[in-house]
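Take this structure first; my questions come after.
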Protein chains: 2
Amino acid sequence: MTTTDLAKRVYDHTWKLDPIVRSLLDTDFYKLLMLQMIWGLYRDQQVTFSLVNRTTSVRVAEEIDVAELRDQLDHARSLTVSKKEMIWLAGNSFYGRAHIFEPSFLSWLADYSLPDYDLAIRDGQLELSFSGSWVDVTLWEIPALAIINELRSRAALKGLGRFQLDVVYARAKAKLWSKVERLRNLPDLRISDFGTRRRHSFLWQRWCVEALKEGLGDSFSGTSNVLLAMDNDLEALGTNAHELPMVLAALARDDAALRRTPYQVLADWRKYYGGNLLIVLPDTFGTAPFLRDAPDWVADWTGFRPDSAPPIAGGEAVIAWWRARGRDPRDKLLVFSDALDVDTIEKAYHHFHGRVRMSFGWGTNLTNDFAGCAPTPNGNLKAISLVCKVTDVGGRPAVKLSDNPGKALGRPEEVARYLRVFGSAGHVAQPVLV
Amino acid sequence: MTTTDLAKRVYDHTWKLDPIVRSLLDTDFYKLLMLQMIWGLYRDQQVTFSLVNRTTSVRVAEEIDVAELRDQLDHARSLTVSKKEMIWLAGNSFYGRAHIFEPSFLSWLADYSLPDYDLAIRDGQLELSFSGSWVDVTLWEIPALAIINELRSRAALKGLGRFQLDVVYARAKAKLWSKVERLRNLPDLRISDFGTRRRHSFLWQRWCVEALKEGLGDSFSGTSNVLLAMDNDLEALGTNAHELPMVLAALARDDAALRRTPYQVLADWRKYYGGNLLIVLPDTFGTAPFLRDAPDWVADWTGFRPDSAPPIAGGEAVIAWWRARGRDPRDKLLVFSDALDVDTIEKAYHHFHGRVRMSFGWGTNLTNDFAGCAPTPNGNLKAISLVCKVTDVGGRPAVKLSDNPGKALGRPEEVARYLRVFGSAGHVAQPVLV
């Protein structure tokens, strides 16, 4: 007797669709933290988020079925936060703090659903954007990216036979487990999953997170994915992202105000969060200018997340700055999160060990590394550098400079203006992998 | 390619055991409500709970493997309430009320695990008992019964082939769904699952609960099983049980105090709960004596749960009593929970419809009706009347009279004393089915 669940098989095959996003909590935790601040301080600000494919050689709109993309986006729009999820958000402790979300914010969230989207195709690329109040559209970022990336994976695997598929996943599992075995050799490592947006698929991310939980034990500090944190009794992790300084910078009235925005963001953040949530993301308009102009109180924050500088150079710059400000780096935390894999993790770990506290937010190379797993080379299984960023703020263009010019975003004349205001000290061109 | 998950298969087959109870919330909700009251008022009271098999023709200790029973009980002892479960208990609303559990009670519960047990075999029966503080041992009742009942099911199915097993469950599913289709014809029916303790198995109860959720929609008002309520965003239902009056009666100093205990229990309950949780369980020492001696404020409670009288006669007696006390039965609730199946539910529904509010707590015939499902008649698949009741209270014997002498429990001379105190008015002998 072969074990086929007849009802399941027929049900599956008559499905309208196999949803990619099944919960509004299937998102990054920092989106919820930022959302509460946006809801509190900037809820009516009009913005547009747009999809940007930095891997221009990949014509995404030709890889996936655009009608299916619409079905998946529409399905995500049908979701609300469930009762059990609301209870967990209200009752769980995050970063050691209870009641991190205000009751009035949670009441608003209980009625929330994702707003409408604009989708067009141009030149083989998706033109997908979300316009409206910042508080309404910001949550689209993660599900939109997760949906497109999983549709790419599904398309890439479509022609494979059953054994071939079995072997693809067998290889991917073996590959991840070898990484786990290497990471196990690093005592007091603190590593977490940051791989929601670029994951191969939801089920694969779940496998990876549960594998790290079993394989790394206490070294696995949690996941940025709120749903997986809830389901597995793990810590939900993450702090803040570039959208905060990008929106505030676009709103600045003049160059002097623009220069102050990176610190205004931190002042806003402090109104809502403390302790280990006081992590500076310094690279939106360049880390070197950020450090040069930072008020002294920024050095009292718990740590920094260098997100586009090379880890060692970026970390050393922050350590030197802490020292110059009279702080002991051993009391401080560096959160590495840019394009990490085991090699870079090991290198940064050994380089900084004992000199500063460290944690690693492992993203794409955790949840979407299928290189060498397909039966024949399959470029469509390779993760691409797809982002969903704020591009317009009430009619004014948004800009990100980054420490890596390859990650800069914005209209060229506006990028030039920001470069005049902040300077380009410390910029290092690097290939943008993911 | 046949779909066998190799890792799963090997893992399953090298298991020490396949746990029956995997969560302390896999219990009846009313045990938690009672537990909070016991914790608040009687936490140090020493008691013994004992297993009683009222179906004496079935020699349980010969049907199951007693070593496996010990393994399962030991596994249950290893459980604590998980973080996610604690958050849900603290944050969920029950019966429309938030924060039904006090923070200090929940702190105590977070450290709780099931205490030791005594197990012996005599004359083909299990002598299983739990002695200690009431607050420690009371939670054993449901997992102990669920474990023994599922071990019986497993033993009963052991010799069957794969197709035979598939057909057993196919028949059971078809049978349950036919009941669902009949119940769907009753408008405004309110029915819930009360079948944890006598279920065929955990997975089967879960199937039944999820089937009722889909099949009955709003008519399915929830489940007494706390874990299934949490996992399925259903209402957790249940109020109180015979153990409260049984313990308090055993502690009564004289006959006059004994006569007052049924009302003392209600007065205790009122200190903790209100609204729809004010449901009287009147039959511990006979419903007729209870009604005869009840103070007037008992008629202000929301409803009654007649648990051993025949539903129609029992319900009519309560309705007549409400009328005599000047209350309108249409504002009141009758909760039927004794040996229900579709026939009795339909009969009671039609008899009382429009005259009183009703709800049905469907137990054994929901979660353990495999009559006619096995390939050959298999008595071992038939649910038996197994209970786990308080038998000793600090050295004094506990007694239950019930409206059905077949359900009476206690030492004969003590039963005789209780009958002298309360009288035997209204007793109706009925076969005890489950």
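Throughout, read-outs are computed from the coordinates displayed, never taken from laboratory work. Just so it is clear, the structure is predicted and the values come from calculations on it, not from any experiment. Heads up, the Cβs are rebuilt from the backbone with ideal geometry, glycines too, and the neighbour counts pull from every protein chain shown.
Assuming R0 = 30 Å, what is the FRET efficiency of B:Ala7 and A:Arg9, from their Cβ-Cβ distance, to the nearest 0.05?
Step by step, r from the Cβ atoms, then E = 0.85.
Continuing with the same structure: Dipole magnitude of the range A:6-422 about its Cα centre, charges +1 at Lys/Arg Cβ and -1 at Asp/Glu Cβ only, in debye to the nearest 20?
Dipole magnitude for the range A:6-422 comes out near 600 debye.
If I take the rotation axis that carries chain B onto chain A, which residue of chain B has the nearest beta-carbon, and at how many angstrom?
B:Gly91, 2
Still on this structure: Using the Karplus equation 6.51 cos²θ - 1.76 cosθ + 1.60 (θ = phi - 60°), what ³J(HN,Hα) coupling, rounded to whole Hz, does each residue of the range A:310-318 give in order, writing x for Gly and Pro?
Running phi through 6.51 cos²θ - 1.76 cosθ + 1.60 with θ = phi - 60° gives x, x, 6, 4, x, x, 4, 4, 5 Hz.
How much of the DSSP bridge set in the protein assembly as shown is antiparallel, in percent, rounded to the nearest 5?
About 60 percent, rounded to the nearest 5.
What residues qualify as long-range amide H neighbours of A:Asp392, i.e. H under 5 Å apart, gap of 5 or more or another chain, H built at 1.01 Å from N?
Here the answer is A:Thr48, A:Ala398, since their amide H atoms fall under 5 Å of that of A:Asp392.
Turning to a different aspect of this structure: B:Ile121's amide H: which non-local residues (gap 5+, or another chain) put their own amide H closer than 5 Å, with H modeled 1.01 Å from N in plane and none for Pro or chain starts?
Close amide H contacts, sequence-distant or interchain: B:Glu127.
Quote the FRET efficiency, to the nearest 0.05, computed for B:Ala267 versus B:Ile312 with a Förster distance R0 of 35 Å and r equal to the Cβ-Cβ distance.
It comes to 0.70.
Hey, can you grab everything whose amide H is under 5 Å from the amide H of B:Thr302? Only 5+ residues off in sequence or another chain; H modelled, so Pro and N-termini drop out.
Counting only residues 5 or more places away or on other chains, the set is B:Leu278.
When the Cα centres of the range A:23-91 and the range A:343-368 are compared, how far apart do they sit, in Å?
Centre-to-centre distance over Cα atoms comes out at 27 Å.
Over the range B:221-364, what relative contact order in percent results from Cα pairs under 8 Å that are six or more residues apart?
16 percent
Set Lys and Arg Cβ to +1 and Asp and Glu Cβ to -1, take the dipole of the range A:6-422 about its Cα centre, and tell me which of A:Tyr418, A:Ala252, A:Tyr272 lies farthest positive.
Result: A:Tyr418, furthest along the dipole toward the positive end.
Taking 4 °C and 1.567 mPa s as the conditions, I'd like the Stokes-Einstein D for the protein assembly as shown in µm²/s, using the Kirkwood hydrodynamic radius from alpha carbon pairs.
Stokes-Einstein gives a translational diffusion coefficient of 42 µm²/s.
Can you compute 3J(HN,Hα) from phi for each residue in the range A:16-33, using the Karplus curve 6.51 cos²θ - 1.76 cosθ + 1.60 with θ = phi - 60°, rounded to whole Hz and x for Gly and Pro?
Coupling constants for the range A:16-33: 5, 7, 9, x, 8, 10, 10, 7, 5, 7, 7, 8, 7, 4, 5, 4, 6, 4 Hz.
Relative contact order of the range B:6-422: what whole-number percent is it, with Cα pairs under 8 angstrom and at least 6 residues apart?
22 percent.
Positive end of the dipole of chain B, charges at C-beta (+1 Lys, Arg; -1 Asp, Glu), about the Cα centre: which of B:Ser129, B:Val226, B:Asn378 has its Cα farthest in that direction?
Highest projection toward the positive end goes to B:Asn378.
Let me ask something else. Please list, in order along the range A:406-419, the HN-Hα scalar couplings obtained from phi with the Karplus expression 6.51 cos²θ - 1.76 cosθ + 1.60 (θ = phi - 60°), rounded to whole Hz, x for Gly and Pro.
Residue by residue, the range A:406-419 yields x, 9, 5, 9, x, 5, x, 5, 6, 4, 4, 5, 4, 5 Hz.
Report, in whole Å, the centroid distance computed from the Cα atoms of the range B:135-209 and the range B:233-279.
The range B:135-209 and the range B:233-279 have Cα centres separated by 29 Å.
Next question. Distances from A:Trp108 to the same residue in each other copy, label points 7 Å out along Cα→Cβ, in nm, shortest first?
Result, one decimal in nm: 4.0.
Once label points are set 7 Å from the Cα along Cα→Cβ at both A:Val428 and A:Glu414, what is their separation, rounded to one decimal in nm?
That separation, rounded to one decimal, is 2.9 nm.
Can you list the distances in nanometres, one decimal and ascending, from the B:Arg43 label point to the identical position in each other copy, with the point 7 Å along Cα to Cβ?
Relative to the other copies, B:Arg43 has label-point distances of 4.2 nm.
With a Förster radius of 22 Å, plug the Cβ-Cβ distance of A:Glu346 and A:Ala320 into 1/(1 + (r/R0)^6) and report the FRET value to the nearest 0.05.
After rounding to 0.05, the efficiency reads 0.45.
Count neighbours as other Cβ atoms within 10 Å of each site's Cβ, and list the trypsin sites (Lys or Arg not before Pro) in the range A:112-217 that are DSSP loop with at most 11 such neighbours.
Answer by residue number: A:Lys158.
Using DSSP to call loops (not H, G, I, E or B), can you name the chymotrypsin sites (Phe, Trp or Tyr not before Pro) in the range B:1-67 whose Cβ has at most 10 other Cβ atoms within 10 angstrom?
Answer in residue order: B:Trp15.
Students often get this wrong: which residues of the range B:79-94 have the backbone nitrogen under 20 Å from the point 7 angstrom along Cα-to-C-beta of A:Ala98?
Answer for the range B:79-94: B:81-94.
If you count the DSSP beta bridges with both ends in chain B, what percent of them are antiparallel, to the nearest 5?
For chain B, the DSSP antiparallel bridge percentage is about 60.
Treating only the Cβ of Lys, Arg, Asp and Glu as charged (+1, +1, -1, -1), what charge dipole size does the protein assembly as shown show about its Cα centre? Round to the nearest 20 debye.
With Lys and Arg at +1 and Asp and Glu at -1, about 120 debye.
For chain A, what is the mean residue ellipticity at 222 nm derived from helices alone (per DSSP H run of n ≥ 4: -39500 (n - 2.57); sum divided by total residues; nearest 500 deg cm²/dmol)?
-13500 deg cm²/dmol
Shifting gears a bit: DSSP loop (so not H, G, I, E, B), at most 10 other Cβ within 10 Å: list which trypsin sites (Lys or Arg not before Pro) in the range A:34-94 pass both filters.
Answer in residue order: no site qualifies.
Need one word for the range B:325-434: rounded, prolate or oblate. Basis is the Cα gyration tensor (sqrt eigenvalues a ≥ b ≥ c); a/c below 1.5 gives rounded, then a/b vs b/c decides.
oblate
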